[in-house]
Amino acid sequence: MVSCAVCGGCPSDYVAVSIAIFSMISLIVKSTFPFLMHKVPIAKGSAFWIPVIQVIASFDFLLSIVMALNFLKFQRSHWWLSCYVWAVWLEGPLGFGLLLSCRLAQAFQLYYVFVKRRLPPIRSHMFLPLILLPWVAGAAFIHEKKHLNYRCHLGTHWIIPVVSLHTLYVSVLMGFTGAIRHIEFRFDELRDLWQGILVSASLIGVWVSAYILNEIHDDILWLQVVSRFILLLTASILVLVFFSISISQPLLSQISLRKREPLELKTMGQALGIPDSGMLLQREVAVDVDPNDPLDKLLLNKRFRQSFMAFADSCLAGESVHFFDEVHELGKLPIDDPVRRIYMARHIINKYIIAGAAMEINISHRIRQEILTTSDLTHPDLFTNALNELIQLMKMNLAKDYWSSMYFMKFKEEARMRCCGHEMEEMRVYNFSPRLSCVHASDDPFQQDQFSSRFTQDIHASSH
């Protein structure tokens with residue numbers, strides 16, 4: 001007991017390490033499941049790298065506790081095994097501090113987008129280092145002053161500043177969350193934030209108690225073993241519950257390990273419940289398409305829009321049509337429904353507007369900046385200027401080639417077949433004939449007989 005309490009390797013240490021490994025594996029599975037199982041495309045920007053940083057910070061946090069508190073037997077004979085590497089830098093700025101800072105960055109985004117109804121004035125890749133500065137400054141100060149002893153413990157007078165820094169970040173996160181509590185989120189952002197706050201607040205209480213006992217009572221060996229076990233156990237639970245993907249990528253929050261059915265929500269419009277989003281009605285009336293009509297008017301027809309979109313995708317230039325389609329979906333949402341309009345507008349901006357987006361559209365810098373710096377994400381004309389530019393580009397390029405393409409020929413043929421089916425449906429109402437076919441007479445061997453017999457009956461009836 002004496003040996004393992006000082007040097008590590010107690011049975012409880014191995015149990016705690018096993019729990020930490022299981023927690024980390026579960027976290028990785030939880031974060032990668034939608035991409036591996038449902039082949040969801042990987043987003044760009046903060047929607048992707050903030051969850052990735054959370055996973056890395058969680059790993060750093062758990063590993064730093066294992067290495068700094070002597071869970072395993074090893075000699076600190078190299079510089080990279082130093083207490084200052086693990087107990088100061090990896091556990092602070094690169095561990096718990098980074099984990100909480102990621103959540104603060106997400107809460108800051110939600111506050112500006114849904115309360116202020118505008119994009120944050122500072123990008124996440126700049127905001128995150130700023131709020132991480134106190135952790136970096138504290139770690140640098142401790143490293144410079146060399147306050148750690150040979151067992152990686154701080155002195156008693158340093159406990160209050162360290163605990164206060166942990167508590168401060170949880171309090172700030174609680175403040176941001178309280179500011180958005182009145183928003184009726186469509187997904188699980190607010191629930192995940194409160195869950196993270198409640199879990200972190202309760203576990204930090206246990207964690208801080210174990211941390212203080214571990215730091216102060218170096219001479220009580222059994223207390224050292226028990227306190228470090230509790231430290232790693234609570235940290236393992238914290239990193240697993242604290243992680244959430246819904247804040248960064250709300251559409252992916254509809255995919256969970258509990259859902260065994262196939263993924264049904266393929267677009268943001270469907271997830272938001274926009275009427276007829278992503279659907280083609282079977283009884284939709286066929287519309288004659290005149291190439292002389294304005295393109296923006298033609299694109300309002302969903303069947304034509306999908307045919308034109310397929311042609312544009314085949315030319316590797318489908319971003320503009322996809323953008324038109326999603327902006328059209330946004331237009332179906334009422335003005336007095338700001339939450340859903342913000343969800344859709346933010347989705348469009350992340351997918352089409354920001355530099356380096358997955359389907360970045362070709363618009364002028366002035367219009368792009370107008371959208372990114374808008375003071376109202378719910379404004380009905382937010383994307384109007386961008387649409388006008390893209391319509392002109394499509395008229396000069398895609399539209400000219402589309403009218404002579406096989407996609408347009410196929411669209412006209414399908415429209416003619418639907419028209420035929422519609423006429424046959426009307427005839428069936430009057431005839432009540434179960435054998436009436438919607439195939440052309442020249443292709444249907446029964447049609448000629450039906451027509452001949454019906455024609456003969458009409459002649460006999462007229463003669464009488």
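The values are calculated or read from the model by the stated rules, or taken from the named source; none is laboratory data. This structure is a prediction, so every number in the text was calculated from the model and none was measured. Backbone-built Cβ (ideal geometry, glycine too); neighbour counts: all protein chains shown. SASA here: full protein model, heavy atoms, side chains in, ligands and nucleic acids out. Shrake-Rupley method; radii C 1.70, N 1.55, O 1.52, S 1.80 Å.
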Failed condition for Ile197, given (1) among the β-branched types (Val, Ile, Thr); (2) closer than 27 Å to His147 by Cβ; (3) free of Cβ contacts under 8 Å to residues at least 40 places away in the same chain: (2)
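Out of region 167-182, which residues are open to solvent by 20 Å² or more (accessible area, probe 1.4 Å) and out of contact with any Pro (no Cβ under 9 Å at 6 or more places or on another chain)?
Kept after step one, since they are open to solvent by 20 Å² or more (accessible area, probe 1.4 Å), are these residues of region 167-182: 167-168, 171-172, 174-176, 179, 181-182.
Thr167, Ser171, Val172, Met174, Gly175, Phe176, Ala179, Arg181, His182, listed by residue number.
Would you check which residues across region 84-142 are among the β-branched types (Val, Ile, Thr) and under 27 Å from Asn350 (Cα atoms) and list them? If you could, list the steps in order and put the result at the bottom.
So the first thing to find is which residues in region 84-142 are among the β-branched types (Val, Ile, Thr), and the list is 85, 88, 113, 115, 122, 131, 136, 142.
The answer is Val113, Val115, Ile122, Ile131.
Does region 409-420 contain any residue that is at pLDDT below 70, part of a helix (DSSP H, G or I) and outside the structural domain of His347 (by the TED database)? So that I can check it myself, show each step before the final result.
Our first condition is that a residue be at pLDDT below 70; within region 409-420, this holds for 419-420.
Subsequent filtering for residues that are part of a helix (DSSP H, G or I) retains 419-420.
Next cut, outside the structural domain of His347 (by the TED database) only: none.
Looking for residues that are at pLDDT below 70, part of a helix (DSSP H, G or I) and outside the structural domain of His347 (by the TED database), one finds none in region 409-420, hence no.
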Counted residues, region 349-367 - those being open to solvent by less than 60 Å² (accessible area, probe 1.4 Å) and more than 22 Å from the chain's Cα centre (by Cα): 3
Some residue of region 14-27 being out of contact with any helix residue (DSSP H, G or I) (no Cβ under 9 Å at 6 or more places or on another chain), over 29 Å from Tyr352 (Cα atoms), modelled with pLDDT under 70 and loosely packed, with under 13 Cβ neighbours inside 10 Å: no
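Suppose the filter is more than 21 Å from Ile354 (Cβ to Cβ), open to solvent by 10 Å² or more (accessible area, probe 1.4 Å) and assigned to a helix (DSSP H, G or I); does Ala87 pass it? Please lay out each step first, then the result.
On the way: more than 21 Å from Ile354 (Cβ to Cβ): yes; open to solvent by 10 Å² or more (accessible area, probe 1.4 Å): yes; assigned to a helix (DSSP H, G or I): yes.
Yes, satisfied.
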Unmet requirement for Ile371, which otherwise passes all of (1) open to solvent by less than 10 Å² (accessible area, probe 1.4 Å); (2) part of a loop (DSSP other than H, G, I, E, B); (3) under 24 Å from Gln106 (Cβ atoms): (2)
Some residue of region 337-348 being open to solvent by less than 40 Å² (accessible area, probe 1.4 Å) and of a type in the set (Gly, Ala, Ser): yes
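Only residues that are assigned to a helix (DSSP H, G or I) and either outside the structural domain of Leu393 (by the TED database) or free of Cβ contacts under 8 Å to residues at least 40 places away in the same chain (or both): list them for region 311-336, please. Can you show your working first?
Residues of region 311-336 that are assigned to a helix (DSSP H, G or I), as a first pass: 311-314, 319-331.
Across region 311-336, the qualifying residues are Asp313, His322, Asp325, His328.
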Every residue from region 38-60 that is at pLDDT below 70 and either among the aromatic types (Phe, Trp, Tyr) or on the phi < 0 side of the Ramachandran plot (or both): His38, Val40, Pro41, Ile42, Ala43, Lys44
Residue, farthest from Leu99 (Cα to Cα), within region 116-142, restricted to residues that are open to solvent by 90 Å² or more (accessible area, probe 1.4 Å) and in a helix (DSSP H, G or I): Phe141
